[in-house]
Amino acid sequence: MKKSLKTLLITMILLFVILNIAGCVSENKSSNIKWQPEFNISYPVLITSVIDGDTIKVQISNGSIVTVRLIGIDTPEISNDHNNIYEYKNIINLSCLTNFGRTAKNYTQMCLLDQNGYILFDEGAGLKDQYDRFLCYVYNETMIDFNNQILNMGYARVYDKETFEKKQEYLLTEHSAIENKIGLWSCQ
């Protein structure tokens with residue numbers, strides 16, 4: 001009886017170790033999966049958080065959370081210290097810009113947070129920026145281009161240092177917002 005109890009105990013310990021190793025290997029495999037998105041494919045996502053008006057976090061289909069920087073736009077920062085005069089054409093009123101930075105963040109939260117949507121990569125912009133954020137067009141469930149929408153509201157400018165397919169379309173939207181002194185363009 002002593003021998004069979006010892007054998008049973010050893011078997012249980014081995015089984016416990018094997019199951020734990022198997023669980024760890026499985027867990028490591030899923031957490032080490034690197035997402036390799038492709039251009040010209042709309043990826044369904046859930047918007048999980050908003051960093052600021054032009055940066056969000058999304059959950060992709062494998063469950064990972066990734067940071068996305070909206071291609072082609074730039075919203076003012078939410079702190080006076082991080083905004084610069086003349087960064088937005090002739091605007092020198094940093095308090096006004098900061099106010100619209102907060103407005104842009106609130107607008108992005110209102111439109112996207114906890115919503116399903118889509119992201120799309122642009123070959124001209126590449127997959128990631130210098131801060132390792134994915135560069136994407138962001139669309140809501142009805143496929144409305146949010147990047148262009150926030151420009152239309154006057155809460156962003158075109159980030160023209162990037163190369164991207166929709167640059168001319170975005171510049172036209174920005175021009176209209178400037179002409180009509182919409183959003184941050186009323187700071188002049």
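The values are calculated or read from the model by the stated rules, or taken from the named source; none is laboratory data. This is a predicted model, so every value here is computed, not measured. Here the Cβ positions follow ideal geometry from the backbone for every residue, glycine too, while neighbour counts run over all protein chains shown.
Annotations
- Every pair of residues 6+ apart whose Cβ atoms lie under 7 Å, when the first sits in the range 161-188 and is touching a residue at least 12 places away in the same chain (Cβ under 8 Å) and within 9 Å of G72 (Cβ to Cβ) while the second is among the aliphatic types (A, V, I, L, M) and part of a loop (DSSP other than H, G, I, E, B): E162/I71; E162/A125; F164/I71; F164/A125
Every residue, every condition in (1) closer than 15 Å to I71 by Cα; (2) not in a loop (DSSP other than H, G, I, E, B), yes or no:
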{"residue": "I91", "(1), (2)": "no, no"}
{"residue": "C96", "(1), (2)": "no, yes"}
{"residue": "T103", "(1), (2)": "no, yes"}
{"residue": "N106", "(1), (2)": "no, yes"}
{"residue": "Y131", "(1), (2)": "yes, no"}
{"residue": "L135", "(1), (2)": "yes, yes"}
{"residue": "Y139", "(1), (2)": "yes, yes"}
{"residue": "T142", "(1), (2)": "no, no"}
{"residue": "Q149", "(1), (2)": "yes, yes"}
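- Failed criterion for T55 (all others in (1) at pLDDT below 95; (2) of a type in the set (S, T, N, Q); (3) within 19 Å of Q149 (Cα to Cα) hold): (1)
- Matching option when the condition is surrounded by fewer than 20 Cβ atoms within 10 Å (Cβ to Cβ), at pLDDT below 95 and farther than 22 Å from I178 by Cβ, among N116, N80, N84: N80
- Residue within the range 27-49 that is modelled with pLDDT under 90, part of a helix (DSSP H, G or I) and either hydroxyl-bearing (S, T, Y) or within 20 Å of D145 (Cα to Cα) (or both) present: yes
- D114 fulfils the conditions (1) part of a loop (DSSP other than H, G, I, E, B); (2) within 24 Å of E174 (Cα to Cα); (3) not polar (S, T, N, Q) except for a single criterion, (2).
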